[in-house]
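**Q** Take a look at the following structure, please.
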Amino acid sequence: MKVVTWNINGIRTFRGGIKKALDSLNADIICVQETKVTRDLLDERTAIVDGYNSYFSYSRGRSGYSGVATYCKDSATPLAAEEGLTGLLTNHEGAVGCYGDLAEFSSEELQLLDNEGRAIITQHRVNCQENVKTVTVINVYCPRADPEKPERKQFKLQFYKLLQCRAEAILKDGSHVIVLGDVNTSHQPIDHCDPSDIDDFGENPGRKWLNSFLHSGKQVEDRNNKDPDEELEATPPDPVHPGKFVDTFRYFHPTRTNAFTCWSTLTGARQTNYGTRIDYVFADCQLAKEYFVAADIMPEVEGSDHCPVWGQLSCPLLPSPKPPPLCTCYLPEFAGKQQKLSRFLVKVDQKSVQSEQREALPGSQEDGERRENLNPSAAENVSSKKRVLISDSAVSKGKKAKTLKASSTPQGSLLSFFKPNLKHVVPSSEANARGETTSSENSQKASTTREKGSSVTGRVPEDTELLLKGSSQVFPSNNVEEQIKTKHSTPQPNRGPSNAKKKESLVFWKSVLHGPPAAPSCKVHGEPCVLRTVKKEGPNMGKQFFVCARPQGHASNPEARCNFFAWVDKGK
């Protein structure tokens, strides 16, 4: 059994082919965070993937925000699945249950904690040494503590407490538990690129919670799988914490440095591996010690500002005969019970439409209609067969005969609706006095002229349309071509501004819009700097400055960004 967690930073990461991306991870259970998709934006290609069953949790308050999803292979179909941690979002059978003591949370707090789509729980059967046991997988995307919003810091700590309460309640009920996802806190100094840059690193409330949630000390020392290739530089031993869960990566790699899972894309920090490890696979102590065989990170996998983390267990999965009710395959829009309005308005792939129609066309349709529906472009080629079908059938030649007659006529262009119908125009008395041709002849020859003029470009020339625009004036048939030639040969006046005016306008706009100032070179590397703008609220918001163009990195790294900084002079 293999599990993978990955913050994908938007479901668009999988647009190159979601099945291909899932298969490349080579796991039985794939948990993704920050999908940024809501129920109304979830499409069938994302929700229904061949060989997998999926479970989604959405943000109820904001669109394009948060959200988690769990994809299980059909060979790992869970026996139960549930959205959220509180149980308030569960209104069906097949829930996991075991909510623990939630007395310290108010009902309003519980609703808010589950309102952002941050947790999906699936429960699976596994065969552990010929004993069938259950393993509950909790996929979470923990909140980020925005320093500008103190209330979000409290929200994050409350979410941590709720997660611990639920995980320990399920563990107490007899199931093994795996908690995995983006926890948004680096645990130890070894998990941070520059811990000395943070004041009171160990006093962070999120790290204090991790200390209470995780078990360390003898449990890590007793591991029986040592990696000889890892660096020998060890960190000072942490005091023993009484938590019920283990960080599986540190269980197998306690001293590995520079093992990060998240980097800033704004500063290009991934190029210098200047990041943090905030994505984890936690497991209860017994499960980690007896059944986990490996765990690692996958920094080579790109597509997001995070990388995947995986864990491998020795016990195989036992699939459930059918997915639980939370599975997306039961949603009305994907189960064939309800169609979205967007399907009638958005252009879809013609091949997929044809394959669907071959299976779903009603049996009451005749062969001719079925061919027309499956291949509208070939309707004209089989028009003679349609006539035979109509003549042989006992159905009356009412609407169906009219439909066939209309379909056999090629459809005209949109311009044909705006051209004057010249055969209805009555020639003027002056034209009749000169013995000119009748209006019907004029219309025929005029249309012939239009066809000749448009045969090359596929449309009626603009000048011809202007000549034929007024229905009160009809040109003699023998003069139409001459009129058109004259119109084309007449030189058009230059309606645009003169060169002098263009130069004046250019000078004016250059004086108003100065453009970006010339970039100075940084003093360390001698390379042109990049222009940045302050976006943080405060007295400097909106001001521009120059910094070194190299990616962010540690101060000891010569390839990283230097400390060059210069404000943009507004006078320049």
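**Q** Considering Cα pairs under 8 angstrom that are at least six residues apart, work out the relative contact order of the range 512-567 and quote it in whole percent.
**A** The value is 28 percent.
**Q** Express the accessible area of the range 512-567 per residue in Å², computed with a 1.4 Å probe while the remaining protein chains stay in the model.
**A** On the way: 3930 Å² over 56 residues.
Heavy-atom SASA per residue in the range 512-567 reads 70 Å².
**Q** May I pose another question? How would you rank 533-541, 52-60, 147-155, highest first, on the average number of other Cβ atoms within 10 Å across their residues?
**A** 52-60, 147-155, 533-541
**Q** Right, another one. Once you place label points 7 Å from the Cα toward the Cβ at S212 and S196, how far apart are they in nm?
**A** It is 3.2 nm.
**Q** Is there a pair in K153/K536; K208/K289; K36/K161; K2/K36; K502/K536; K20/K289 whose C-alpha atoms are over 29 Å apart, and which pairs would that be?
**A** Among K153/K536; K208/K289; K36/K161; K2/K36; K502/K536; K20/K289, the Cα-Cα distance tops 29 Å for K502/K536; K20/K289.
**Q** Here is a further query. Working with all protein chains in place, sort R144, R45, R550 by solvent-accessible area computed with a 1.4 Å probe, largest first.
**A** The ranking, largest first, comes out as R45, R144, R550.
**Q** Stretch Q154-E130 to full length: gain in nm at 0.36 nm per residue minus the Cα-Cα span?
**A** Taking Q154 through E130 to full extension adds about 4.2 nm, to one decimal.
**Q** I want the local charge near L317. Using Cβ-Cβ distances under 13 Å, sum +1 for each Lys or Arg and -1 for each Asp or Glu among the other residues.
**A** +2
**Q** What is the packing order of peptides 267-273, 243-249, 156-162, 515-521, taking the mean over residues of other C-beta atoms within 10 Å and listing the highest first?
**A** So the order, starting with the most tightly packed, is 243-249, 156-162, 267-273, 515-521.
**Q** Let me ask something additional. Taking the highest mean first, how do the peptides 105-111, 75-81, 260-266 order by number of other beta carbon atoms within 10 angstrom per residue?
**A** Highest to lowest by the protection proxy: 75-81, 260-266, 105-111.
**Q** Just check the range 512-567 against the gyration tensor rule for me: Cα atoms, a ≥ b ≥ c as the square roots of the eigenvalues, rounded for a/c under 1.5, and otherwise prolate or oblate depending on whether a/b exceeds b/c.
**A** Note, shape of the range 512-567 comes out oblate.
**Q** At 1.4 Å probe size, with the rest of the protein present, what percent of the exposed accessible area of the range 512-567 is carbon and sulfur atoms?
**A** Carbon and sulfur atoms account for 55 percent of the accessible area of the range 512-567.
The values are calculated or read from the model by the stated rules, or taken from the named source; none is laboratory data. If you're wondering where the values come from, they're calculated on a predicted model, not measured in any experiment. Note that each Cβ is placed from the backbone with ideal geometry, even for glycine, and that neighbours are counted across all protein chains shown. The protein model used for the area step is the full one, side chains on, heavy atoms only, and it has no ligands, DNA or RNA in it. Shrake-Rupley method; radii C 1.70, N 1.55, O 1.52, S 1.80 Å.
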